[in-house]
Amino acid sequence: MTLQRSSLVDAIDTALTGRVNDLAALIVDGSIPTQITAPGGDATLVQIVDGDGGVIASSPNITGEEPISDIRPAPGAQTATTQTLPIGEGEFRLVAQSVTAHDQMFTIFAAASLDPVDEAVGALAAILIVGIPVLIALVGLTVWFIIGRTLHPVEAIRSKVASIGDRDLDHRVPVPDSDDEIARLAATMNLMLDRLELSSDQQRRFVADASHELRSPLAAIRSQLEVDLIHAEKANWRVTYEDVLDETLRMQRLVDDLLLLARSDAGTLPKHHESIDLDDIVFELVQRIQPTTSITIDATHVSGAQVSGDPDAIARLVRNLLENAVRFSAERIEVALNEIGGHALLTIADDGPGIPLADRTRVFERFTRLDEARDRDHGGTGLGLAIAREIALHHDGCITIEDTPLGGAKIAVDIPATPHDRMHGDRRPHGTDSRNRY
């Protein structure tokens, strides 16, 4: 409001000053008017007063009136002020200027009432007093409505997430139709719930399968001991001891496998890494396994290769793959190892029934046995390949299954190799000819 009043007063001053300057120029030129037409009609008062204080000209609306002000600026000076006048009511804006002509001083007055200014400012004040609260209320309601509509999907997502428990991981949060950040947030949360559901299902299956695998040897031990106790006179305790020992060792291996997988899931597998001669591990395990089977293990294509990692874990990977090949092979297994493009590539091929293309990913899942290997004695626990894959991944490698000319399956392990000074070529234990032995 102050700015509006100042702006209106400035506009009046401009009009009054212009009129005063025009009259001053006429007087200086010797053309002293006897009648004055005031700009703005009756709203503007104009007078010319001589040096003796006599009115020599005025606008029609104040004809015959005494001087409207006693202000006498210095010759050539101009004054603008707000004051009351002897005529009219209320305040006026007055501009006065003195000029000298014909050896006489004349003073020019131009005044305009400030009532229109006060009325305009009062009207604006009334509008603001009433309008601002209404405007604020309208803006507040609009913002509340817009934000409410915007945040309604967020509240729906929040309430849905709050209602999802550990047994409701198949539930999903609602995804708004809008293509904005909230819709993308909801889609991302559903993807997270997908992963949680998958992880929970895998964990439940893992616990169920582990319980089943552990219960079987325990049931076998209990059954054999109960039979021998009931028929103690006919019991062969040495055979019982051996059978119980076999089942105990099977449980121990199973528990070790489960512990390794649990540590892998928790990301707590050992981080110890050292340079490993992979070919030495392969030859050592071939030497250890060959006497236990009638199947021929051909290691003549094993060349020198070094990798970085945990020696025990790498040895377990190779042992699992060899034992898997022995379990399903008919007569022959071929083992090959080479360094190609900075990677150590180990392949173990057998002449067994092979693995169908559709099952070549599934066999790496835990407790997976194919139809040909359902019985526990032949098919193992179904953890060997799963553990091999976890170890390969832990060493930044990968493991795949391919076809082989032998007719069975060829499992290939690709692990980054480490630089070394050893000459590549056939690596065999000292004093051993692998071609003759295997």
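Rank Q224, P86, I146 by how far each Cα sits towards the positive end of the charge dipole of the chain (+1 on Lys, Arg Cβ; -1 on Asp, Glu Cβ) and give me just the farthest.
Toward the positive end, the furthest listed residue is Q224.
Is it possible to state the helix-based mean residue ellipticity at 222 nm for the chain, with each DSSP H run of 4+ residues giving -39500 (n - 2.57), the sum divided by total residues, to the nearest 500 deg cm²/dmol? What is it?
-16500 deg cm²/dmol
If I model a spin label at Q78 and L191 as a point 7 Å from the Cα along the Cα→Cβ vector, what separation in nanometres do I get?
7.4
Suppose all protein chains stay in the model; what accessible area per residue would a 1.4 Å probe give for region 24-128, in Å²?
With the other protein chains kept in place, region 24-128 gives 50 Å² per residue.
Which is the longest stretch in the chain that no exposed loop site breaks, taking sites as trypsin sites (Lys or Arg not before Pro) with a DSSP loop state and at most 13 other Cβ atoms within 10 Å?
1-166
Quick one: work out the % antiparallel among DSSP beta bridges in the chain, nearest 5.
About 90 percent, rounded to the nearest 5.
Which Cα, out of V173, A313, I48, lies furthest along the positive dipole direction of the chain (beta carbon charges, K/R +1, D/E -1)?
A313
Using the Cα centre as the reference, give the magnitude of the dipole from point charges on the C-beta atoms of the chain (Lys, Arg: +1; Asp, Glu: -1; all else neutral), rounded to the nearest 20 debye. Intermediate results must be reported in sequence, preceding the final value.
On the way: 39 positive and 67 negative charges, 358 e Å.
Roughly 1720 debye, rounded to the nearest 20.
Take each complete run of DSSP H in the chain, measure how far its Cα atoms stretch along the helix's own axis, and keep only those covering 18 Å or more with mean Kyte-Doolittle hydropathy at least -1.0; list them.
2-28, 115-163, 181-230, 237-265, 311-328
Cβ neighbours within 10 Å, averaged per peptide: list 79-89, 107-117 in order, most packed at the top. Don't skip to the answer; put the middle values down first.
Numbers: 79-89: 13.2, 107-117: 22.1.
Peptide ranking by packing, descending: 107-117, 79-89.
Hey, what D do you get for region 8-147 in µm²/s if you plug the Kirkwood alpha-carbon radius into Stokes-Einstein at 4 °C and 1.567 mPa s? Let's see the in-between values first.
Details: Rh = 17.0 Å.
Translational diffusion coefficient: 76 µm²/s.
Long-range amide H contacts for M105: which residues qualify at under 5 Å (H placed 1.01 Å from N, peptide plane, sequence gap of 5 or more or a different chain)?
G51
Using Cα-only point scatterers and the Debye equation, what is log10 of I(q)/I(0) for region 1-72 at each q in 0.27 Å⁻¹, rounded to two decimals?
-1.33
With all protein chains present and a 1.4 Å probe, how do I32, I289, I127 order by accessible area, largest first?
I127, I32, I289
Using Cα centres only, tell me the gap between region 127-184 and region 47-117 in whole Å.
If you average the Cα positions of each part, the centres end up 67 Å apart.
Out of A235, G267, I182, whose Cα points farthest toward the positive end of the dipole of region 164-316 (charges: +1 Lys, Arg; -1 Asp, Glu; placed on Cβ)?
Selected residue: A235.
Give the calculated FRET efficiency between S211 and D359 to the nearest 0.05, with a Förster radius of 22 Å applied to their Cβ-Cβ distance.
0.35
Using 7 Å Cα-to-Cβ label points, what is the E242/I129 separation (nm, one decimal)?
11.2
How would W237, W144 rank on accessible area, largest to smallest, probe 1.4 Å? Can you show the working numbers first?
Working: W237 85, W144 180 Å².
Accessible-area ranking of W237, W144, largest first: W144, W237.
Taking a probe of 1.4 Å, how large is the accessible area per residue of region 195-269, in Å²?
Here the per-residue accessible area is 70 Å².
Explain nothing, just the number: relative contact order of region 144-238, from Cα pairs under 8 Å at least 6 residues apart, as a whole percent. Walk me through the numbers on the way to the answer.
On the way: 40 pairs, mean separation 16.2, N = 95.
For region 144-238, the relative contact order is 17 percent.
Only sites in a loop by DSSP and with at most 13 other Cβ atoms within 10 Å count here; which GluC sites (Glu not before Pro) in region 281-347 make the cut? Before the final figure, lay out the partial values.
Details: sites: E284, E323, E331, E334, E339; in loops: E331.
For GluC sites (Glu not before Pro) across region 281-347 that sit outside H, G, I, E and B with at most 13 neighbouring Cβ atoms in 10 Å, the list reads E331.
The values are calculated or read from the model by the stated rules, or taken from the named source; none is laboratory data. Here the structure is a predicted model, which is why all the values come from computation and not from measurement. Quick reminder, even Gly has a Cβ in these numbers, built from the backbone with ideal geometry, and neighbours come from all protein chains shown. Calculation scope for accessible area: heavy atoms of the full protein, side chains included, ligands and nucleic acids excluded. Shrake-Rupley method; radii C 1.70, N 1.55, O 1.52, S 1.80 Å.
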